[in-house]
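The block underneath contains the structure these notes are about, expressed in structure tokens.
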Amino acid sequence: MFYHAHNGSVLVGDSEMDYISFGNGNKNLIMLPGLGDGLRTVKGMALTFSIMYRVYAKEFTVYVFSRKNHLQEGYSTKEMAKDQAAAMTTLGISKADILGISQGGMIAQYLAIDHPDLVNKLILAVTSAKPNETTEKVVGSWIEMAMQENYKALMIDTAEKSYSERYLKKYRRLYPFLVRMGKPKSFRRFLIQAASCMSHNAYEELSKIICPALVIGGDCDQIVGTASASIIADKISGSELFIYHGLGHALYEEAKDFHDRVLNFLSTPDK
């Protein structure tokens, strides 16, 4: 299959965890996606991801993990990181570079804090380390929409708050198609994961992160706020910070140099 794309699952405790892998490299790169995982896991998406992220395929074997399939109430980002570590160990991934986006970045923080032996380099993109007014307001509204099973409102509000106006002007016409696709049978998974975003607070422990770290944010981020990246970078000794101007939460899709920036950081020898 294209770039050795593979769909798999791994047993974590009493639940399966979906993952995909692709690439030919001898180094491991793990991507941890954001809150959208609460609506759909990566199951069956290996070929799609291998094409979208083929820039990494030559140098890395890439893994993209969902959260486990059966989530308990009160499931925290710290527990998600513990389960992620267990999945890596089961699959024989002894060390990897970690790219955490949004909620995935929250999980990645605890992975680096609690399981430093598994993390080589860390990239935290459009994420936060502690609750803030912006996240509480936005994610709180999404929770209300999900509780009402208003998928249309949830999808449109997510897009409006993630992308730049320049991007939205081109793609708003696709909203009717977007809201007809992917509605989950239940919003329970999303609600549990959203609650974990609201309660995430690794701020005081960020100083325990000892691996090289790159923190990326956007100065128009309407979901985690515009100061979150700087707050994280200030707490992680020796970390690098890059802020995209004019972009928000979906900068990893909009910024043409995002993946080149990540690859450059990963290929730079440790200082």
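Determine whether region 127-149 contains at least one residue that is within 25 Å of SER21 (Cα to Cα) and not aliphatic (A, V, I, L, M). Before you say what the answer is, go through the steps one by one.
Filtering region 127-149 down to residues within 25 Å of SER21 (Cα to Cα) leaves 127.
Of the ones still in play, those that are also not aliphatic (A, V, I, L, M) are 127.
Yes - at least one qualifying residue is present in region 127-149.
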Cβ pairs under 8 Å, 6+ apart or interchain, first in region 237-260 and farther than 21 Å from LEU35 by Cα and at pLDDT 95 or above, second polar (S, T, N, Q) and part of a helix (DSSP H, G or I), ordered by first then second residue, are SER237/SER207; LEU241/SER230; ILE243/SER230
Check on VAL139, closer than 25 Å to ASN264 by Cβ and hydrophobic (A, V, I, L, M, F, W, C): no
How many residues does region 1-13 contain that are part of a loop (DSSP other than H, G, I, E, B) and surrounded by 16 or more Cβ atoms within 10 Å (Cβ to Cβ)? 1
Looking at region 252-269, can you tell me whether even one residue there is under 20 Å from MET106 (Cα atoms), of a type in the set (Phe, Trp, Tyr), outside any helix (DSSP H, G or I) and under 19 Å from the mean Cα position of the chain (by Cα)? no
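Collect the residues in region 20-55 that are of a type in the set (Val, Ile, Thr) and in contact (Cβ under 8 Å) with a residue 40 or more places away in the chain, keeping them in residue-number order. Explain how you work it out, then say what you get.
Here is the first cut: in region 20-55, the residues of a type in the set (Val, Ile, Thr) are 20, 30, 41-42, 48, 51, 55.
The answer is ILE20, ILE30, ILE51, VAL55.
Quick one: is GLY38 under 22 Å from ASP83 (Cβ atoms), touching a Pro at 6+ places or on another chain (Cβ under 9 Å) and small (Gly, Ala, Ser)? I'd like the intermediate steps shown before the answer.
Numbers: under 22 Å from ASP83 (Cβ atoms): yes; touching a Pro at 6+ places or on another chain (Cβ under 9 Å): yes; small (Gly, Ala, Ser): yes.
Here the answer is yes, as GLY38 does meet what is asked.
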What are the residue pairs meeting all of these: first residue in region 111-132, first residue in contact (Cβ under 8 Å) with a residue 40 or more places away in the chain and at positive phi, second residue crowded, with 24+ Cβ neighbours inside 10 Å and assigned to a loop (DSSP other than H, G, I, E, B), Cβ atoms under 7 Å, and 6 or more apart or on different chains? VAL126/SER102; VAL126/ASP221; VAL126/VAL224; VAL126/HIS249
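The values are calculated or read from the model by the stated rules, or taken from the named source; none is laboratory data. Owing to the predicted nature of the structure, the values given are computational and were not obtained by experimental measurement. So basically every Cβ, Gly included, is an ideal-geometry build from the backbone, and we count neighbours across all protein chains shown.
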